[in-house]
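Colleague: Take this structure first; my questions come after.
The values are calculated or read from the model by the stated rules, or taken from the named source; none is laboratory data. Remember, it's a predicted structure, so these values are computed and weren't measured experimentally. Neighbour counts run over all protein chains shown; Cβ positions are idealised from the backbone, glycine included.
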Amino acid sequence: MMEEGITTPSVKYYEGCSMTAIWAVKSLGIDPQTGQEIFVKKDGTITYEYDTADQVVCGDTQPKVNGNVGFNGEINGIGFSATCGFRLGGQIYNSTLVDKVENAALEYNVDRRVFTDRWQKAGDVSLYKAITDQTTTYPTSRFVEDYNTFTLSSLSVYYDFKNCKFMKRNKFLERLKVTAYTNDLFVFSSVKTERGTDYPYARTFSLSVQATF
């Protein structure tokens, strides 16, 4: 049995289970001989047939450690400030791979992995099911991945001209400071996912000048 149209894990409420648990059918991967996915039923038997009744907890989106760290400093008028975010532990359901590789519409432009990484002939050891198999891929443990990230959330660098000779001689300008700022400069992640396709994403850069007369 399958849930039509539901290709990502649903939230389920079970006593004793985390509300952020990832529910999916346990998978043994792609059969090299047939190109079909091998599923594990709750009783331990294996099958090629997907059944939502066989869904079990395959991960949890809640990280074990999650936080931010920042530091700043200044020397000879040059200063900087940085804020970093990190998460360790927990998993994510990589829907990018599901939507772009296995559930992709072949009549349109598709990810190249559709043709390079999907099973094509007997004996192929592939991460993804047969390219001729156009059935929908539903939540499976094959796409549950450990999710660890480290992000440089914001970075600013400034120069304060307070020690410059021209500032000391100047009778009208009391202070002059130039600051450059950027956000989300880089992200180190254990999982490659798309950003900005479902909601706007932008990396911004700004420059400000502060003058006091």
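Colleague: What are the residue pairs meeting all of these: first residue in region 107-132, first residue loosely packed, with under 14 Cβ neighbours inside 10 Å, second residue basic (Lys, Arg) and part of a loop (DSSP other than H, G, I, E, B), Cβ atoms under 7 Å, and 6 or more apart or on different chains?
Modeller: Every condition considered, no pair remains.
Colleague: Any idea how many residues of region 50-105 are of a type in the set (Gly, Ala, Ser), closer than 18 Å to residue 19 by Cα and either without any contact (Cβ under 8 Å) to a residue 12 or more places away in the chain or touching a helix residue (DSSP H, G or I) at 6+ places or on another chain (Cβ under 9 Å) (or both)?
Modeller: Selection size over region 50-105: 1.
Colleague: Next question. Mind checking which residues of region 187-202 are exposed (fewer than 11 other Cβ atoms within 10 Å of the Cβ) and either within 17 Å of residue 154 (Cα to Cα) or at pLDDT 70 or above (or both)?
Modeller: If the condition is that a residue be exposed (fewer than 11 other Cβ atoms within 10 Å of the Cβ) and either within 17 Å of residue 154 (Cα to Cα) or at pLDDT 70 or above (or both), then 188, 192, 201, 202 are the ones that fit.
Colleague: Mind listing whichever residues of region 150-190 are hydroxyl-bearing (Ser, Thr, Tyr), within 30 Å of residue 89 (Cα to Cα) and in contact with a Gly (Cβ under 9 Å, 6 or more places away or on another chain)? Explain how you work it out, then say what you get.
Modeller: Here is the first cut: in region 150-190, the residues hydroxyl-bearing (Ser, Thr, Tyr) are 151, 153-154, 156, 158-159, 179, 181-182, 189-190.
Adding the requirement that they be within 30 Å of residue 89 (Cα to Cα) leaves 151, 153-154, 156, 182, 189-190.
Listed by number, the residues that qualify are 151, 153, 154, 156.
Colleague: Still on this structure, I have one more. Of all residues in region 73-104, count the ones that are of a type in the set (A, V, I, L, M) and surrounded by 16 or more Cβ atoms within 10 Å (Cβ to Cβ).
Modeller: The total comes to 6.
Colleague: Of everything in region 25-59, what is loosely packed, with under 14 Cβ neighbours inside 10 Å and part of a loop (DSSP other than H, G, I, E, B)? Give them in sequence order.
Modeller: Matches in region 25-59: 32, 33, 42, 43, 44, 45, 48, 49.
Colleague: Across region 3-34, what is the number of residues that are out of contact with any Gly (no Cβ under 7 Å at 6 or more places or on another chain) and over 16 Å from residue 51 (Cβ atoms)? Give the derivation first.
Modeller: If we filter region 3-34 for residues that are out of contact with any Gly (no Cβ under 7 Å at 6 or more places or on another chain), which is where we start, we get 3-21, 23-31, 33-34.
Those still in the list that are over 16 Å from residue 51 (Cβ atoms) too: 5, 8, 11, 13-21, 29-31, 33-34.
Selection size over region 3-34: 17.
Colleague: Moving to a separate point now. Determine which single condition residue 7 fails, assuming it passes every other condition in (1) more than 24 Å from residue 147 (Cβ to Cβ); (2) assigned to a loop (DSSP other than H, G, I, E, B).
Modeller: Condition (1) is where residue 7 drops out.
Colleague: Can you confirm whether region 20-32 contains a residue that is over 18 Å from residue 146 (Cα atoms), modelled with pLDDT under 95 and touching a helix residue (DSSP H, G or I) at 6+ places or on another chain (Cβ under 9 Å)?
Modeller: no
Colleague: Would you check which residues across region 66-113 are among the small types (Gly, Ala, Ser), in a strand (DSSP E or B) and within 14 Å of the chain's Cα centre (by Cα) and list them?
Modeller: 85
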